[in-house]
Amino acid sequence: MNMTERLNRTADSFQMMHIAPPILVLANAWDAASARVFEGAGARAIGTTSAGIAAVLGYPDGQKVPRELMLEAIARIAGTVDVPVTADVEAGYGPRAEDVAETTRLVIEAGAVGINLEDASGNPAQPLFEVEEQIERIRAAREAAEQAGVRIVINARTDFFLAEIGPPAERLNAAVSRANAYRRAGADCLFVPGVADLATIGTLVRDICGPVNVLASRGTPAVRDLEQIGVARLSVGSGIMRGALALARDAAHELFDQGSYGTFLEKAISYGEVNELMRKRQSSVPVGRISAAHSGSGSK
């Protein structure tokens, strides 16, 4: 089986996971080790977190990390697990449809079978891309995947709630309208982060003509409740990564302030377990080639 056939088999499996129930629960990895931990815990698929990867690489979130570095991290994650991987590529690492197409092609080259593509523009004067502009960007991603011969899952995200765009009373209708437009443009799943109210989530599920993805945050209903109302996919974003950083911070304070070690020793997995976790499978993706061939392109 060649690479394209293998990716398509994985992509088809990932696509089927969006037919709820059961709900697809994604823990978002920030490196190969976290991806292996999640796979070992029973994850059916792995998402990446742009914020987590950016932080590991020394950048803030928001397309500040050079694209080639993000793609190298995605390749390491995809090459370390056996389950499908979907890549958070923020807004596609460039405003143009051509930028999104190139990023999509590189994601497939890295071994991932899905992308998150958001409509946040990064421009305070116009926080979201215009609807028609975002539609063209989604279509470009789909066309790039078709040209590569891989049926990737496009998770189109709209940030009306997360970025608090416009009057609160208008956000629900605006998000639904955008999500349905993105679905018609070729998106497979529609991501509306920033919503925790069960009734509002239920309206999104009812009114959006496709699988709905929500983000776990404070106040988000339990997985079983989301599944009961028809949510197809739940992501944790950078939440687990930030929880890991909080543990590191607390352990450091205990170490430096009290001179004791309980915080990290009580929670730490063994040295042998870490080595065994990473011994299972080494990356088979030529990550160095991604950086070398595309350095400087799409960087911000």
*Pairs, first under 15 Å from Ser121 (Cβ atoms) and among the β-branched types (Val, Ile, Thr) in segment 154-170, second in a loop (DSSP other than H, G, I, E, B) and modelled with pLDDT of 95 or more, C-beta under 7 Å, six or more apart*: Thr158/Asp119; Thr158/Val192; Ile165/Asp159
*Residue check: is Leu265 assigned to a helix (DSSP H, G or I), at pLDDT 95 or above and either surrounded by 11 or more Cβ atoms within 10 Å (Cβ to Cβ) or of a type outside the set (A, V, I, L, M, F, W, C) (or both)?*
no
_Residues of segment 39-63 classified as in contact (Cβ under 8 Å) with a residue 40 or more places away in the chain and closer than 21 Å to Ser217 by Cβ, total_ = 12
*Inspect segment 98-112 for any residue being surrounded by fewer than 19 Cβ atoms within 10 Å (Cβ to Cβ), at pLDDT 95 or above, part of a loop (DSSP other than H, G, I, E, B) and not charged (D, E, K, R) and give the result as yes or no.*
no
*Could you tell me which of the residues Arg224, Arg242, Arg183, Arg218 is under 24 Å from Thr48 (Cα atoms) and part of a loop (DSSP other than H, G, I, E, B)?*
Arg218
*Show the residue pairs that are 6+ apart or on different chains and have beta-carbon atoms under 6 Å apart, the first residue being within segment 123-140 and among the aromatic types (Phe, Trp, Tyr), the second being at pLDDT 95 or above and in a strand (DSSP E or B).*
Phe129/Ser121
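The values are calculated or read from the model by the stated rules, or taken from the named source; none is laboratory data. Treat the numbers as computed from the prediction; the structure is a model and nothing was measured. Don't worry about glycine lacking a Cβ; one is built from the backbone with ideal geometry, like all the others, and counts go over all protein chains shown.
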